[in-house]
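Below is one structure, written out as structure tokens; the observations come after it.
The values are calculated or read from the model by the stated rules, or taken from the named source; none is laboratory data. These figures come from a predicted structure and were not determined experimentally. Don't worry about glycine lacking a Cβ; one is built from the backbone with ideal geometry, like all the others, and counts go over all protein chains shown.
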């Protein structure tokens with residue numbers, strides 16, 4: 001199974017595994033909305049995550065939580081480009097752009113980002129896959145059922161694990177045909193899925209290893225944790241750490257997280273047990 005990707009002429013080994021720090025430069029993200037919506041506050045948070053051990057920083061300017069307000073393409077660009085430019089001029093760490101818009105992806109890579117993380121796997125913008133192929137950067141493709149605003153309105157599957165697997169397999173083939181060499185997959189926890197769907201995917205996470213692509217999971221502080229435990233996103237760190245440990249044991253190569261220090265500790269303990 002492939003456990004590495006090429007970034008800026010070097011190889012990033014994901015067998016470690018690696019922690020991706022979430023940097024939401026938005027006013028309304030579900031966990032940290034509004035905390036890092038200026039270049040200075042965003043840079044300080046990114047610096048902290050790097051010191052805590054993040055291997056990648058994922059910059060996003062469009063909240064994908066259910067019911068979130070729509071954001072124009074220009075506003076998204078105005079949010080993400082300045083922080084990407086500042087980060088890439090100062091820090092030596094891969095920067096990912098979290099967007100479903102091809103024009104934002106192109107501008108972000110031109111500004112210094114070197115990975116595209118797309119929650120729609122090209123479904124929300126038909127130009128995304130050919131644009132990423134032309135850019136020559138790694139592409140993270142995630143499964144999402146429906147549009148972000150309404151995706152949690154009674155999502156339905158015949159067999160959620162098989163349905164998500166088949167979707168990602170088809171996307172792998174489409175991306176390979178387009179000429180994208182470095183691909184990662186994300187089953188999309190919380191994106192058009194009930195609590196039961198989410199845990200069915202997590203229990204059978206090992207299934208996705210047969211796609212022979214590095215596997216990213218985004219479980220951090222999600223409703224599948226805090227709704228089940230009867231708490232909220234701000235009190236979901238303990239549950240997040242437990243599920244991260246389970247995901248690592250079942251093939252996760254990249255953890256996308258809000259709390260880098262704690263996730264890095266999970267990875268260190270996992271490696272100790274594995275080695």
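When segment 219-266 is filtered for residues that are part of a helix (DSSP H, G or I) and touching a strand residue (DSSP E or B) at 6+ places or on another chain (Cβ under 6 Å), the ones remaining, listed by number, are 244, 247, 260, 263, 264. Go through (1) more than 15 Å from residue 5 (Cβ to Cβ); (2) surrounded by 21 or more Cβ atoms within 10 Å (Cβ to Cβ) one by one and return the number of the condition residue 124 breaks. If we test residue 124 against (1) more than 15 Å from residue 5 (Cβ to Cβ); (2) surrounded by 21 or more Cβ atoms within 10 Å (Cβ to Cβ), just (2) comes out false.
Scanning segment 176-208 for residues that are part of a helix (DSSP H, G or I) and surrounded by fewer than 16 Cβ atoms within 10 Å (Cβ to Cβ) gives 176, 177, 195, 196, 203, 206. Under the condition of being in contact with a helix residue (DSSP H, G or I) (Cβ under 6 Å, 6 or more places away or on another chain) and closer than 22 Å to residue 6 by Cα, the residues counted in segment 217-247 number 1. Can we say residue 91 is modelled with pLDDT under 95, in contact with a strand residue (DSSP E or B) (Cβ under 9 Å, 6 or more places away or on another chain) and either more than 21 Å from residue 138 (Cβ to Cβ) or surrounded by fewer than 23 Cβ atoms within 10 Å (Cβ to Cβ) (or both)? Answer is yes for this residue.
Restricted to segment 62-82, and to residues there that are assigned to a loop (DSSP other than H, G, I, E, B) and within 20 Å of residue 129 (Cα to Cα), the residue that is modelled with the highest pLDDT is 62.
Yes or no: residue 113 surrounded by fewer than 17 Cβ atoms within 10 Å (Cβ to Cβ), touching a helix residue (DSSP H, G or I) at 6+ places or on another chain (Cβ under 7 Å) and in contact (Cβ under 8 Å) with a residue 24 or more places away in the chain? Walk me through it before giving the result.
Numbers: surrounded by fewer than 17 Cβ atoms within 10 Å (Cβ to Cβ): no; touching a helix residue (DSSP H, G or I) at 6+ places or on another chain (Cβ under 7 Å): yes; in contact (Cβ under 8 Å) with a residue 24 or more places away in the chain: yes.
The answer is no for residue 113.
Note on segment 1-49: enclosed strands (runs of 3 or more DSSP E) holding 3 or more residues that are at pLDDT 95 or above are 18-24.
Residues of segment 66-82 that are surrounded by fewer than 22 Cβ atoms within 10 Å (Cβ to Cβ) and under 17 Å from the mean Cα position of the chain (by Cα): 66 alone. Inclusion of residue 104 among residues that are surrounded by 23 or more Cβ atoms within 10 Å (Cβ to Cβ), part of a loop (DSSP other than H, G, I, E, B) and either in contact (Cβ under 8 Å) with a residue 24 or more places away in the chain or touching a helix residue (DSSP H, G or I) at 6+ places or on another chain (Cβ under 8 Å) (or both) is not warranted.
Return yes or no: is residue 85 surrounded by fewer than 16 Cβ atoms within 10 Å (Cβ to Cβ), modelled with pLDDT of 95 or more and not in a loop (DSSP other than H, G, I, E, B)? Before the answer, list the steps.
Values: surrounded by fewer than 16 Cβ atoms within 10 Å (Cβ to Cβ): no; modelled with pLDDT of 95 or more: yes; not in a loop (DSSP other than H, G, I, E, B): yes.
Answer is no for this residue.
Screening residue 214 with (1) in contact with a helix residue (DSSP H, G or I) (Cβ under 9 Å, 6 or more places away or on another chain); (2) touching a residue at least 40 places away in the same chain (Cβ under 8 Å) gives one miss only, at (1).
Answer with yes or no whether residue 59 is at pLDDT 90 or above, in a strand (DSSP E or B) and surrounded by fewer than 16 Cβ atoms within 10 Å (Cβ to Cβ).
Working: at pLDDT 90 or above: yes; in a strand (DSSP E or B): yes; surrounded by fewer than 16 Cβ atoms within 10 Å (Cβ to Cβ): no.
For residue 59, the condition - at pLDDT 90 or above, in a strand (DSSP E or B) and surrounded by fewer than 16 Cβ atoms within 10 Å (Cβ to Cβ) - is not met.
Set side by side, the residues 133, 121 differ, and just one is touching a residue at least 40 places away in the same chain (Cβ under 8 Å), closer than 18 Å to residue 185 by Cα and outside any loop (DSSP other than H, G, I, E, B), which is 133.
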